[in-house]
Every structure is written in C-alpha cells, then in structure tokens.
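So the structure is just underneath, and the comments pick up after that.
The values are calculated or read from the model by the stated rules, or taken from the named source; none is laboratory data. Just so you know, these numbers come straight off a predicted model, no measurement behind them. Virtual Cβ from ideal backbone geometry, glycine too; neighbours counted across all protein chains shown. With ligands, DNA and RNA removed, areas are computed over all heavy atoms of the protein, side chains included. Shrake-Rupley method; radii C 1.70, N 1.55, O 1.52, S 1.80 Å.
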Amino acid sequence: MIKVTFLGTSDAIPSAERNHTSILLEYKNENILIDCGEGTQRQFRKAKLNPNKITKILITHWHGDHVLGLPGLLQTLAFSNYNKTLNIYGPRGTKEFMGVLLRTFAFQGKYKINVEEVENRFFENDEFYLEAEKMTHGTPCNAYSFVKKGRLRIDKKKLEKTNLKGPILKKLKEGKDITYNDKKYLAKNLTYGEDSKKVSFVFDTSFNKNIVPFVKNSDLLVCESTFGEELEDKADEYRHLNVNHTANIAKKSKSKKLVLTHISQRYSKNPKKILDAAKKIFKNSVLVNDLDEIEVK
Ligand SMILES: [Zn+2]
Ligand SMILES: [Zn+2]
C-alpha cells in the first residue's frame, strides 16, 4: 500500500488553514518527501509522522513556498542523529542552491547529503522507480512520478490444489515453469499479475504538452490548481494551471483520481468552487486539506 499525506496545501502565501506545499509518500521503508515549504516540520508533528524516516526529498522547483522549510528540516535531522544518506533530487540549479543553503545556515549535520539534478527515470530498485519531467514555470521545475512495479503473485487457491511448497515456489514467482515429482506446472496457470501503481505530482507550471503523456494512467494524480476557471488568463500570465487545465489533464491522461492542491487564499472561504469546477470535467476529483491522507492500494 502507498500512503500519501498532504502536509501543506496552500499556494505561495500560507494561511491559518493551509501550510506551504509539502507531501509525504510512504511505501514500505521508503519515505519520500515532495517539496518542503515553510512549516513542514510542525506539520510532521501534527500528522504524527517521523521526519527521521525520510529517505528522499524531491524538489519540484526553488520558489520559496516549495523549499523554505528545507534548512529547518535538515537541521532537525542533524539534531535527531539522522544516520542515513539523504538523497535530494531536483531540477537544474539544485546543486548550486543546496550548496548556498548549507553554507548560509552553517550546516553541521554528520549525515551525508547526496544532491542530484534529475530528469527522466532517475531512480529504480526491485519495487519501484521514480521519474521526472520538465515543466514550464519560468524557473527550472520538475513534475515527478512514483511507480510501484507490477509483480507476479502466486494464486493461493490454485496452489492449494497442488502439492507444491517450499523454495520451488520462488521460480513460479519469477514466472518460470517448474517440474515437481515428474509433473510439470506452468507458471501462467498458478500466478496472476498484480497491477503496477502510479502516483504523479505536478506542481507549478503553465499548461504544456509534456504533462499529459508524463502522468498517463496515474492511479493518483496530485496537481496544482492555483486559479479558478474564471482566471485562465491570470494562470497563463503567472505560469500556473487553472482548474480547467488541471481537470482536463486528469481526463486526457486517463488518470483514476485527481487531487487538487496548491489552493489560493482567494478561495479560502469557498474552496468548493474549485472542486465543483473540476468535477464538471473529471468526476473523481478531491480537494485536499492539510493533513489529509490518501491510500493507493
Ligand atoms: Zn508554488
Ligand atoms: Zn512556483
């Protein structure tokens, strides 16, 4: 199961209800933080999450509302005896900015920080991979996808009808046919494919042709929705998405569920206005508040 916690859901200016952007994706031992706006540390506490478990930080871009929480978080990890290598991934310029940031705050952590400027598929292990795609926001900006790989699973009911057990099952899981007590068993008859799962994050960009193919078939599409349907011109001017763009991206990419976030103070009294506009185009839309959690099973 993949769990996504929305630690902050505001746009550039945080409000009493909404913190700057930050999202934690948890999958097994992996804790991936996407952006780290101001106040992220306290949101961790409120959500009863442990920042010491963070394994990777993905930075979409270096506007303050997405990174102002970084120095504080890095300092707290140092105080908490964080002892892993912290991997920080971001768009072009990230190495320089991280260098300046660590010097400015006289960082004295004993843990290692590995900084990489990434695009395309930049991390992969047996369980999942991470991808980045360039967005258009006036400053280098990446969208990200987390993809849990599909796997072959053994169909336990079908297995019960055989005498198979023990280490030989490993071969079945690898999709290999096996012979046991002179009888041949075909892997395809005893296994089924578990679907892969995809969670995508699109933050701060004008509408561009890269978005839909990049987020194609997301199980969960988390997308900025800074401007309402009435402010399409403003969205273009400030290189953001308006809700019609966001919902159309979800529809055209055949995503299963759309999460609207990066909500402007303009809609603080009536965020439903954004949600209703999205639902007219893409029914399975939700608008998140701080500390909301969504599971992808
Ligand atoms: Zn922003
Ligand atoms: Zn921005």
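Quick notes
- On the stretch given as the range 214-249, residues that are part of a helix (DSSP H, G or I), free of Cβ contacts under 8 Å to residues at least 40 places away in the same chain and open to solvent by 20 Å² or more (accessible area, probe 1.4 Å) total 10.
- Which numbered condition His137 misses (of (1) part of a loop (DSSP other than H, G, I, E, B); (2) away from ligand 2 (no atom under 16 Å from the Cβ); (3) crowded, with 19+ Cβ neighbours inside 10 Å): (2)
- Pairing residues of the range 185-210 that are within 16 Å of ligand 1 (Cβ to nearest atom) with residues that are assigned to a strand (DSSP E or B), at Cβ distances under 6 Å and at least 6 apart in sequence or on separate chains, gives Phe201/Ile34; Phe201/Tyr144; Phe201/Val222; Val202/Ala143; Val202/Cys223; Phe203/Glu224; Asp204/Glu224.
- Enumerated strands (runs of 3 or more DSSP E) restricted to the range 11-121, each holding at least 3 residues that are open to solvent by 10 Å² or more (accessible area, probe 1.4 Å) and under 22 Å from Thr226 (Cα atoms): none
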